[in-house]
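The values are calculated or read from the model by the stated rules, or taken from the named source; none is laboratory data. What you see is a predicted model; the values in this text were computed from it and never measured. For neighbour counting, all protein chains shown are included, and Cβ atoms are generated from backbone atoms with ideal geometry for every residue, glycine included.
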2 protein chains.
Amino acid sequence: MGEFGLIDRLTNDIKLVNTSSLKGVGDDCAVMRYRDTDVLVSTDLLAEGIHFDLTYVPLKHLGYKAAVVNFSDIYAMNGHPRQITVSLAISKRFTVEHIEALYSGIRLACEIYGVDLVGGDTTSSRSGLVISITCIGDAPADRIAYRSGAKPTDLICVSGDLGAAYMGLQLLEREKVASAGQKDFQPQFHGKEYLIERQLKPEARRDVIEALEKAGIVPTSMMDISDGLSSELLHICKASGVGCRVYEDRIPIDYQTALMAEELNMNLVTAAMNGGEDYELLFTVPLHMHDEITKLPGINVIGNITKPELGCCLVTRDDTEMPIRAQGWNHMAE
Amino acid sequence: MGEFGLIDRLTNDIKLVNTSSLKGVGDDCAVMRYRDTDVLVSTDLLAEGIHFDLTYVPLKHLGYKAAVVNFSDIYAMNGHPRQITVSLAISKRFTVEHIEALYSGIRLACEIYGVDLVGGDTTSSRSGLVISITCIGDAPADRIAYRSGAKPTDLICVSGDLGAAYMGLQLLEREKVASAGQKDFQPQFHGKEYLIERQLKPEARRDVIEALEKAGIVPTSMMDISDGLSSELLHICKASGVGCRVYEDRIPIDYQTALMAEELNMNLVTAAMNGGEDYELLFTVPLHMHDEITKLPGINVIGNITKPELGCCLVTRDDTEMPIRAQGWNHMAE
């Protein structure tokens, strides 16, 4: 049906919900208006065989996740996502129905998070699937949270729990290996549903951004945790010119994550610190906000910012200081 | 050196030149401020083996072209490009020097057109190179030119000349075939330099947008010619609900294009109408602006907009009306 026919089919019934979206798909550019707020732009590229494995990732979930991880980058600036553009390179093994499944996931994410799909590019590839999404969002100038604003004595906070998405990936990989060459294979996911969901259908923490707004709190620094807590802590400390102390016993971990680590004979804290793909928010607030911040549901204070000369350390349960190193989930997977 | 090391190396000395660019590379998002103008966003994805052939496209030229074609989409709305984000998926056969060459072309284009490189994503791919660029630009609300504003009796104008980029591609493909298996092969480009340049190093028509601004002219509709004049005319006519008459003898064609068509025994008008990749501007203005528009350098009036019931036709030199069909350069290449 050709590129234009496919784009028409995928985008013909899109309704724009944000007042900042003036013109969506169908011209040389999308057109937006941001007269009172600053504009945030983030972009992510996902390549088959590197970022996803279609053996166990349904295309609809892939579309959903690809959109949500971009929204997460906008929330990580304390803003709200408003528009996305979606570019796809698709090899011949994908049918129109495959692409529609992928798009249905992207559009579901847009619907749930109130984001407008305003443009993109769809083309062939010689092999595999590549998804490139750019997200545009906004925030009032005085609410934007950069990585660079953390100050000594600030509290270090994280939302939700860590390491579950990584454990979900380990589980999916294990079952993929177990299923190889077997007909009617039934993967063993019972009691591990949370891990699978965290890996295949992550959510971005809009609720946290809304709770911070409502409480009148602007974090001094913020990031989303995509590469792992260790890596993101080092980014914030480097950008802010500070050090940090994070307490092992404060790191929030779900019991399914803990059970899975035991089953796989993996170090739980390493998984939680370096697992990645959690899409939780890591942020800092001034010390005097301790009571306000701990009142917010699902927020844990895991440590504090220090002077730079103290370095970045994890304080273990036996009170030993271990330097934090950025391993990231890519490194761990190797 | 890892993703972060590579990104640092490619982006460490970038200076932002636009006042709308508040924060570039180095946080979860780039941050921009557009308080007086509307925001334009365009995105393009280029895949190796589909959009470019590294046998004859130097990586620096590829980077330059990848950036410029995005700028062209912003100019096509009568706006100015201000920021880009660059996402790359790179297979193992590319070295850091290759990626630096690609980036040097992107950065040269940014420097020449006054655009800030504010973000991106760099990742591995299992095969080949994929380049996804998103461009952000702006325009005063009352100057934006959509595809949908053309009215019957409007003049149809194009900048520059058409078909040369397509002929350049034919020439490069011919020399690639001729060179196969030969050592010290010397391609035959003498007297065809313009065609090669149009294919390998296209420019976006900022000068036309500036001339229109200076003359106080806002086109009633506008597009850039990336898929070929026929295809773009049909887009404008469909979006505007109108027809058109375009005169064969008015279509601007360079003599090198004409000579090459003769040498390859190709129909010259077909090449000019469907060749694509010209990145010239196609636009319409009210009839009464005839004298003003023909005064602008390098602008040709090639026909006029009609009522929709008259359809979209090319009027040949012998006064026959031929319906315009969208072939596009992809179709022609098959």
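Structure summary
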item	result
Filter result for B:T306 (in the same structural domain as B:L229 (by TED's automatic domain parsing), hydroxyl-bearing (S, T, Y) and under 28 Å from B:F52 (Cβ atoms))	no
Some residue of the range A:305-314 being of a type in the set (S, T, Y), at pLDDT 95 or above and either in contact with a Cys (Cβ under 8 Å, 6 or more places away or on another chain) or over 21 Å from A:S240 (Cβ atoms) (or both)	yes
Flag for B:N300 being more than 30 Å from B:A66 (Cβ to Cβ) and touching a residue at least 60 places away in the same chain (Cβ under 8 Å)	no
Among the residues listed as B:G276, B:G191, the single one being surrounded by fewer than 17 Cβ atoms within 10 Å (Cβ to Cβ) and among the small types (G, A, S)	B:G191
Residues of the range B:69-90 satisfying the condition of being within 25 Å of B:L169 (Cα to Cα) and surrounded by fewer than 24 Cβ atoms within 10 Å (Cβ to Cβ)	B:V69, B:I90
Close pairs (8 angstrom Cβ cut-off, 6 or more residues apart or separate chains): surrounded by fewer than 17 Cβ atoms within 10 Å (Cβ to Cβ) in the range B:309-334, modelled with pLDDT of 95 or more and among the charged types (D, E, K, R) anywhere	B:L310/B:R245; B:V315/B:R245; B:V315/B:E248; B:V315/B:E321; B:T316/B:E248; B:R317/B:E248; B:R317/B:D249; B:E321/B:R245
Verdict on B:A204 being touching a helix residue (DSSP H, G or I) at 6+ places or on another chain (Cβ under 7 Å) and under 15 Å from B:G276 (Cα atoms)	yes
Hey, B:A239 surrounded by fewer than 21 Cβ atoms within 10 Å (Cβ to Cβ), of a type in the set (G, A, S) and outside any helix (DSSP H, G or I) or not	no
Residue in the range B:217-234 that is among the aliphatic types (A, V, I, L, M), within 14 Å of another protein chain (Cβ to nearest Cβ) and touching a Ser or Thr at 6+ places or on another chain (Cβ under 7 Å) present	no
Qualifying residue in the range B:139-152 (condition: more than 11 Å from chain A (Cβ to nearest Cβ), at negative phi and in a strand (DSSP E or B))	no
Checking B:A326 against (1) of a type in the set (A, V, I, L, M); (2) at pLDDT below 95; (3) more than 28 Å from B:T43 (Cβ to Cβ), the condition it does not meet	(3)
Test: residue in the range A:248-268 that is modelled with pLDDT under 95, surrounded by 15 or more Cβ atoms within 10 Å (Cβ to Cβ) and of a type in the set (S, T, N, Q)	no
Within the range A:245-299, tally of residues that are assigned to a strand (DSSP E or B) and in contact with a helix residue (DSSP H, G or I) (Cβ under 9 Å, 6 or more places away or on another chain)	8
Qualifying residue in the range A:127-148 (condition: among the small types (G, A, S) and modelled with pLDDT under 95)	yes
Residues of the range A:106-136 classified as in a strand (DSSP E or B), of a type in the set (D, E) and either more than 14 Å from every other protein chain (Cβ to nearest Cβ) or in contact (Cβ under 8 Å) with a residue 60 or more places away in the chain (or both), total	1
Residue within the range B:155-178 that is polar (S, T, N, Q), away from chain A (no Cβ under 14 Å), without any contact (Cβ under 8 Å) to a residue 24 or more places away in the chain and at negative phi present	no
Residue check for A:R174: charged (D, E, K, R) and surrounded by 24 or more Cβ atoms within 10 Å (Cβ to Cβ)	no
Scan of the range A:188-216 for residues that are assigned to a loop (DSSP other than H, G, I, E, B) and more than 14 Å from chain B (Cβ to nearest Cβ), ordered by number	A:Q188, A:F189, A:H190, A:G191, A:K192, A:K201, A:P202, A:E203, A:A215, A:G216
Residue match in the range B:194-205 (condition: of a type outside the set (K, R) and closer than 19 Å to B:L155 by Cα)	no
Number of the exception - B:E175 against (1) within 23 Å of the chain's Cα centre (by Cα); (2) in a helix (DSSP H, G or I)	(1)
Selection within the range A:106-142 - out of contact with any Leu (no Cβ under 9 Å at 6 or more places or on another chain) and within 30 Å of A:I305 (Cα to Cα)	A:P140, A:D142
Only listed residue being modelled with pLDDT of 95 or more, closer than 23 Å to A:L282 by Cα and either in contact with a Phe, Trp or Tyr (Cβ under 8 Å, 6 or more places away or on another chain) or not acidic (D, E) (or both), chosen from A:K65, A:K60	A:K65
Residue ranges of strands (runs of 3 or more DSSP E) in the range A:1-105 with at least 3 members under 21 Å from B:S125 (Cα atoms) and facing chain B (nearest Cβ under 10 Å)	A:38-47, A:80-90
Residue within the range A:155-168 that is over 26 Å from A:K201 (Cα atoms), not in a helix (DSSP H, G or I) and not β-branched (V, I, T) present	yes
Qualifying residues in the range B:121-132 (those that are small (G, A, S) and surrounded by 24 or more Cβ atoms within 10 Å (Cβ to Cβ)) - the one farthest from A:V41 (Cα to Cα)	B:S125
Qualifying residues in the range A:133-154 (those that are surrounded by 21 or more Cβ atoms within 10 Å (Cβ to Cβ) and hydrophobic (A, V, I, L, M, F, W, C)) - the one farthest from A:A89 (Cα to Cα)	A:A150
Failed item in (1) on the phi < 0 side of the Ramachandran plot; (2) modelled with pLDDT of 95 or more, with B:Q186 passing the rest	(2)
